[in-house]
Amino acid sequence: MKKLVVLTGAGMSAESGLSTFRSSDGLWENHRVEDVATPEGWERDPEAVLDFYNMLRRKLITANPNEGHCGLATLEREYEVRIITQNVDNLHERAGSGHVLHLHGELMKSRSSGDENLIYDIPVNNPDIKIGDKCAKGYQLRPHIVWFGEAVPMIEKAIDWVAEADIFVVIGTSLNVYPAAGLLHYVRRGVPVYLIDPNEVHAPGNITRVIRKGATEGVKELTALLKQSHS
Ligand code: OAD
C-alpha cells in the first residue's frame, strides 16, 4: 500500500464548528497568545490559562468529526494513511483514523507541570482542569498542549513520516507556525503534494495541486483525484 501522509491544521476542524486561530474571528483575535499559550502566561495566571483550555475542551466535546475527517479515515482502505496534525482536538481519531500524530498536544489530556512524562486522559464527564488538581507526584496539572517557546517532541517522528510519504496532503493550515510548516521540506522529490484550503496559503514551491475548497469538499475532490492518478 502507498503511504499517504497528511498534515492538518485548524481549518480541518472548522466545519465541525471549532474556531481557527488566524482568521478575522479566530482564537488569536480574542485571546492574547502570550497570556494563554506560553509558559510565561501560565506562570503569571494559571487560572486564566486553565479557563481558556477548559472552554475549548467543552466545545470539543459537543463537536463532531466532519466529512473531511471521515473521508481521510475511509482512505485507509486503499492507502497507509498517516496524519500529522497541529490540532489538539481528537476529531481524526473519532472519525476512525488509526495513525494520528499530535504535534501540538491533545486537549483531552492533562499533564504534570513538574514531570512531563506524567500524562492523564481527561474524562468527558469531568472535563475541566482546576487549580488544585494534582499529578501523582503532587504537582499542579496543566493542559497537555505545546505552548509557544516549548519544544515540539513529536517533530522527529513527523519528519520520518513525511520523508517516507508516497503522496503528501496539506489541509487547513496557514503554515505560519514552525517547525510544523517546515515539514513540507522533507517531502521527497517527485512525490505529489496536494493542498486543500479555501484561502490562499503561502506554501513552498513543491505543491503539485491546490484544491481551493473547505475540508469537507476538498477531501472529496482529493479522493476522486487520487482514484484517477494513483490507482
Ligand atoms: P490557522 O488559523 O493559522 O490557519 C487555518 C487555515 O485553515 C487557514 O489557512 C484557513 O484559510 C484555513 N481554513 C479555514 N476554513 C477552512 C475550511 N473550512 N476547510 C479547510 N481549511 C480552512 O491555523 P493553523 O495553521 O492550524 O498552535 O495554526 C497552527 C498553530 O497555530 C496551531 O496549532 C496553534 C496556533 O497557534 C498552538 O496553539 C501551539
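The values are calculated or read from the model by the stated rules, or taken from the named source; none is laboratory data. All values derive from a computational prediction rather than experimental measurement. Reconstructed Cβ throughout: ideal geometry from the backbone, glycine too, with neighbour counts over all protein chains shown. Side chains are part of the model used for accessible areas, which takes the heavy atoms of the whole protein and leaves out ligands, DNA and RNA. Shrake-Rupley method; radii C 1.70, N 1.55, O 1.52, S 1.80 Å.
Things worth noting here:
- Restricted to strands (runs of 3 or more DSSP E) entirely inside segment 1-111, those with at least 2 residues that are more than 15 Å from the ligand (Cβ to nearest atom) and assigned by TED's automatic domain parsing to the domain that holds TYR194 are 3-8, 80-85.
- Which numbered condition ARG82 misses (of (1) surrounded by fewer than 16 Cβ atoms within 10 Å (Cβ to Cβ); (2) of a type in the set (Lys, Arg); (3) under 24 Å from LEU175 (Cα atoms)): (1)
- Among (1) modelled with pLDDT of 95 or more; (2) within 28 Å of ILE211 (Cα to Cα) - the single one CYS135 does not satisfy: (2)
- Hey, GLU164 modelled with pLDDT of 95 or more, open to solvent by 90 Å² or more (accessible area, probe 1.4 Å) and not β-branched (Val, Ile, Thr) or not: no
- So VAL124, is it surrounded by fewer than 16 Cβ atoms within 10 Å (Cβ to Cβ) and β-branched (Val, Ile, Thr): yes
- Considering segment 175-198, and only residues there that are within 9 Å of the ligand (Cβ to nearest atom) and in contact (Cβ under 8 Å) with a residue 12 or more places away in the chain, the residue that is surrounded by the most Cβ atoms within 10 Å (Cβ to Cβ) turns out to be ILE196.
- Any hit, segment 147-156, residues being farther than 25 Å from ASP45 by Cβ and in contact (Cβ under 8 Å) with a residue 24 or more places away in the chain: yes
- Single unsatisfied condition, GLU156 versus (1) in contact with a helix residue (DSSP H, G or I) (Cβ under 7 Å, 6 or more places away or on another chain); (2) open to solvent by 80 Å² or more (accessible area, probe 1.4 Å); (3) not basic (Lys, Arg): (1)
- Residues of segment 130-148 that are more than 16 Å from the ligand (Cβ to nearest atom) and in a loop (DSSP other than H, G, I, E, B): LYS130, ILE131, GLY132, ASP133, CYS135, ALA136, LYS137, GLY138, TYR139.
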